[in-house]
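Here's the structure we're looking at; comments come further down.
The values are calculated or read from the model by the stated rules, or taken from the named source; none is laboratory data. It should be emphasised that the depicted structure is a prediction, and the values quoted were computed from it without experimental measurement. Note that each Cβ is placed from the backbone with ideal geometry, even for glycine, and that neighbours are counted across all protein chains shown.
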Amino acid sequence: MVDYALGDIQGCFDALQRLLEKIKFDDRSDRLWFVGDLVNRGPKSLETLRFIKNLPITPRITLGNHDLHLLCQLFLPNQHPKPDDTLEKILNAPDRDELGHWLRQQPLLHHDPNLNLVMTHAGIAPCWSLEEAKAHAHQVGLALAGEHYLDFLKHMYGNTPNYLSNTITPIERLRVICNYFTRMRFCDTNGHLELACKGAPNAPPPHTYPWYAVPTRCDIHEAIIFGHWAALQGRCPVKNIHALDTGCVWGGSLTALRLQDKQRFCISL
């Protein structure tokens, strides 16, 4: 089996098919990994979801912020809609609930000891070890996949708190964990999130760093695969950390990383 990790699809189904053709993907013997943001902003989110859900070999998926936003739109209609959403076809599809319940079973983190790597959508908080990150992701996963998932979705949005502490409420704890895994770009040396800035890594807000460059970042020996940050253009200066969002939905390219040897494959729009 050959494993390929793919950057943010965001409904760019035609680009996905072209990339799979380029890597000669065989759905009977190869496995795909998706760093999240499967949907939204692109034109074919419904086709993308159906294709991924029905792959013969179960793909590895970590949820991104746009995937979580879709879940909110599916199960809590008219809450937090965005003017540039392109989710209408999913919201009106006959299999919308089936797709939504499948999507909410997907995790925020996947760790493969055999390949010595870990995948999340936005990265791993600089103040967490891998074991801490896995425990936090599991906590949110239980809330999202459980019977009280609507309670989580109702309180998911917001930029505060920006750090885990013993003084926050349980629902605030879930929110900040979710923000680390799906929205993080910049942090300060104590690991506090700065969520207002979405720009390039060479122009961080005062007293912050890209999460992977925080001087006090916990050492994680496994390779880290992430997406989310199109401004990186697929380049991370830290060895063994692989950025895969190359801005397909913004007119850039779509990238796949062959996990066995870390070779990259790209197609441009």
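A few comments on the model shown:
- Those helices (runs of 4 or more DSSP H) lying entirely in segment 1-101 with at least 2 residues among the hydroxyl-bearing types (Ser, Thr, Tyr): 45-53
- Condition check for Phe13: among the aromatic types (Phe, Trp, Tyr), surrounded by 15 or more Cβ atoms within 10 Å (Cβ to Cβ), in contact (Cβ under 8 Å) with a residue 24 or more places away in the chain and within 17 Å of Cys266 (Cα to Cα): yes
- A single member of Leu269, Leu254 is surrounded by 22 or more Cβ atoms within 10 Å (Cβ to Cβ) and within 30 Å of Val2 (Cβ to Cβ), and it is Leu254.
- Taking segment 216-250 as the range and being assigned to a loop (DSSP other than H, G, I, E, B) and crowded, with 19+ Cβ neighbours inside 10 Å as the test, the residues that pass are Arg217, Gly227, His228, Trp229, Gly234, Cys236, Leu244, Asp245, Thr246.
- When each of Asp84, Asp67 is tested for being in contact with a helix residue (DSSP H, G or I) (Cβ under 7 Å, 6 or more places away or on another chain), within 30 Å of Ala196 (Cβ to Cβ) and among the acidic types (Asp, Glu), the lone residue that passes is Asp67.
- Leu259 out of contact with any helix residue (DSSP H, G or I) (no Cβ under 6 Å at 6 or more places or on another chain), within 19 Å of His66 (Cα to Cα) and in contact (Cβ under 8 Å) with a residue 24 or more places away in the chain: no
- Residues in segment 25-40 that are touching a Phe, Trp or Tyr at 6+ places or on another chain (Cβ under 8 Å) and touching a residue at least 60 places away in the same chain (Cβ under 8 Å) were compared, and the one that is surrounded by the fewest Cβ atoms within 10 Å (Cβ to Cβ) is Trp33.
- Matching residues in segment 188-200 - criterion: being within 22 Å of the chain's Cα centre (by Cα) and either over 18 Å from Asp245 (Cβ atoms) or at pLDDT 95 or above (or both): Asp188, Gly191, His192, Leu193, Glu194, Leu195, Ala196
- Residue that is nearest to Glu132 (Cα to Cα) [pool: residues in segment 168-215 that are assigned to a loop (DSSP other than H, G, I, E, B), touching a residue at least 60 places away in the same chain (Cβ under 8 Å) and not β-branched (Val, Ile, Thr)]: Gly191
- Residue in segment 255-262 that is in contact with an Asp or Glu (Cβ under 6 Å, 6 or more places away or on another chain), at pLDDT 95 or above and either over 19 Å from His110 (Cβ atoms) or hydrophobic (A, V, I, L, M, F, W, C) (or both) present: yes
- Among all positions in segment 132-147, there is no residue which is surrounded by 20 or more Cβ atoms within 10 Å (Cβ to Cβ), hydrophobic (A, V, I, L, M, F, W, C), within 20 Å of Leu55 (Cα to Cα) and touching a strand residue (DSSP E or B) at 6+ places or on another chain (Cβ under 9 Å).
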